[in-house]
Structure formats: C-alpha cells, structure tokens
1. If the viscosity is 1.306 mPa s and the temperature 10 °C, what translational diffusion coefficient in µm²/s does Stokes-Einstein give for the range 182-295 when Rh comes from Kirkwood over Cα pairs?
2. Work the Kirkwood hydrodynamic radius out for the range 25-148: mean of 1/r over every pair of different alpha-carbon atoms, inverted, in Å.
3. Extension gain Lys57-Thr89, at 0.36 nm per residue separation less the Cα-Cα distance, in nm?
4. Can you give the FRET efficiency for Ser322 and His219, using 1/(1 + (r/R0)^6), R0 = 30 Å, r = Cβ-Cβ distance, to the nearest 0.05?
5. Using θ = phi - 60° and the Karplus curve 6.51 cos²θ - 1.76 cosθ + 1.60, what whole-Hz ³J(HN,Hα) does each residue of the range 146-159 get, with Gly and Pro shown as x?
6. Please go through the residue pairs Lys57/Lys169; Lys289/Lys320; Lys53/Lys196; Lys273/Lys320; Lys225/Lys320; Lys290/Lys320 and name each one whose alpha carbons sit more than 32 Å apart in this structure.
7. Name the residues whose placed amide hydrogens come within less than 5 Å of the amide hydrogen of Tyr49, ignoring near sequence neighbours (fewer than 5 apart) on the same chain.
8. Averaged per residue, what accessible area in Å² does the chain show with a 1.4 Å probe, protein chains only?
Amino acid sequence: MDAEFEQEFNNPAPMHGVQENVAPTPAAVTWTDITDFQVYAPEGGTTLYANGKQQLKVRVSIRVKYKGLATVELDEQTLSTLTLVESGTGTPLVHDRFNPGDPIGWRYVLERNETFKSLPYQGPIVAGVEGAKVYSRDFYVSTTASTSILLSASVTRSDGTMFYSEAIKTHGRMTLNSVPPAVYSHNQFQLALIGKTPYESKNISKVEVYRLRLIVDQHQVDILKIDSLYPGVFLRKSSHPDYLGFYTSAYINGEEYPFAELLPFEMPHARAKYHNYPGAVTFLMSYAKKGGHSQIRTEQDAWSMVLLDMYGNTHAVIVKASEHSLPELRLS
C-alpha cells in the first residue's frame, strides 16, 4: 500500500451533501394501500399442546399498491415490521421462547425448533396469497395458555402508519387452539424384553435388553429424551447362586443418561449403539458376577424417570423389578 493511498484509507474525505445537526426528513411513502393481508397456517392444523415447546407455523402474507395503481415492491424495513397481534386489542405477541416461571400466554419465535413435531393434520390447507410482489414472513407460535387466541397481523409503513390484517375480509385473522399436555395411561407405555446382547467380562456375565415405547392409537409417539432419572442406575440384589445382583442403565439414541455420580460398576455402554430403537428407550440389565469388582450393597424399590416426547410433553414413568431370583423389569 503506497503512502498516498494509506493516508486516504485511514483519513477518508467527508461525504458530500451530509449536513450535521439537521433533523432527518420523513421517509417517502412508497405504498398507500394494501391489496392482500393474510394470516394462515401453511401446514394446515391450528391446534397445539399448551406445553410451551411445541410450535405451530403461522404465515403472514402481504401485497401492497400505490394510490390504487399496480402493486409495488415492499421494502425490507417495512417487511421487518410484520408481526402477530391479538385481534381486537392489537397487542403484539411476545417474541421469545418460554422459560420456566414465565407468565402463561402465547409467544412466537422466527426459527423453527426441529426437535418437536406438529400434531397430525389431514384437513384442508389455506393456499395463501399467490402472484407477483407477494411478501411473506413465518412465525412459530407456542403457548402455555388453556384458552384459544384470535390472531391477526400488523405492519408499519415508513411514515409510522400501522395497518392491521383484520381489516381485510379474506383470511385477515385466524384462531389458534390449545389443548392440555397429553397424559397417557399405564397401558400405552410398553416395556418388553427384547433378548440379550453379547457381553462378557470379569464383572458381567450377560446383558439383557429391554425396550420402552409409547403407543397411542396404534401409532408410536417418539420419546426424544430422558429429562430426569433416579437413581442413575437401578440396582437389585440377587439370591441366585451365580450372580451378585443386577443393575440396569438407560439409553436413548445409543447414548447413556448422564449419571449424577460415578458408580463402582463396569457399564455396558458400548453395546447400547447396537440396540438403538428410534423413538424408544433402551434398558440394559447387567448380570453382575460374584467375585467381580461390582458392589451391590443396596438396592432400589423403583426407578423413576421423566420422559420428553416428540410433541414436547413430559411423562412420569416408574419401573420396578420382580422379586424373582432372575428379576424382570416391569412398569409400575
């Protein structure tokens, strides 16, 4: 870089036409009328669980014109002012995710959380506005409220004038309905012994594999996560002459639940990836050899866990072991 260019780069000349200490002039109005202003669910359904996690996609589409003439383009600044409001009051929805302790209500974010699925829907879907110079913005709505909400949208023109979609007759507003988080019966959770997996060491004689699924109306509702688990490993003593006792560990997607403490057991974690059942919890019950390094000095009456499903609902599940010398895991 030569000296002349370096001086110009570090000390640029002032821009021509810039006046300091002068109030800015209002932005020119680029459009005057709204041709279309719709609020709709592009994926169909309008019902979601009131768990603060599940999302429902709401799309706002708008097309504008200038003084009754042809439609015109919408500038990015105005497009960024599109937002969801409560119909009637015009109160904007809160733009944030739900966190523990937040007030009950409705909120939205601008990004889809791919973790949770929408409820199945098979009805008609609103096509929305089509054609040239249509601008859309997507909102992902969640709720913790027990009542429905009537939504519309607002947009603010560059001169500060606000417009509301509920003034438009066709799809200017829509109703979203909430339902309480799902609670399933004992019979809808299915715990089954799948078999055993090859594993033998100086501490473990064999490992049995169990699978826990949630079946609703003959369809599996995927379990995504173990939210909590106590104790970290389920222990049982044994009166069987060949075994010191049994201990069971839990896995989702082949990964073990993060234990709260280190335990004096050899764990069969390496086998879990071979027994990954999508949407289900895998339990590996290890048979502890006598004379090994495993220590089973205490035992638990039950194994308590909280599971998170594909719709964002949580479920409390209790697992127990039978009193047989070779116990079986059962739902309580």
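1. Numbers: Rh = 15.0 Å.
The estimated diffusion coefficient comes to 106 µm²/s.
2. Numbers: mean 1/r = 0.0616 Å⁻¹.
That comes to 16.2 Å for the range 25-148.
3. Details: separation 32, 0.36 × 32 = 11.52 nm, distance 2.20 nm.
Once the chain is fully extended between Lys57 and Thr89, it gains 9.3 nm.
4. Values: r = 29 Å, r/R0 = 0.98.
Plugging the Cβ-Cβ distance into 1/(1 + (r/R0)^6) gives 0.55.
5. 9, 10, 6, 9, 9, 10, 9, 10, 10, 9, 10, 6, 4, 8
6. Working: Lys57/Lys169 21 Å; Lys289/Lys320 22 Å; Lys53/Lys196 36 Å; Lys273/Lys320 24 Å; Lys225/Lys320 20 Å; Lys290/Lys320 23 Å.
Exceeds cut-off: Lys53/Lys196.
7. Val179
8. Working: 18690 Å² over 332 residues.
Per-residue value: 56 Å².
The values are calculated or read from the model by the stated rules, or taken from the named source; none is laboratory data. What you see is a predicted model, and the numbers here were worked out from it, not measured in a lab. Backbone-built Cβ (ideal geometry, glycine too); neighbour counts: all protein chains shown. Areas reflect the complete protein model, heavy atoms only, side chains present, ligands, DNA and RNA absent. Shrake-Rupley method; radii C 1.70, N 1.55, O 1.52, S 1.80 Å.
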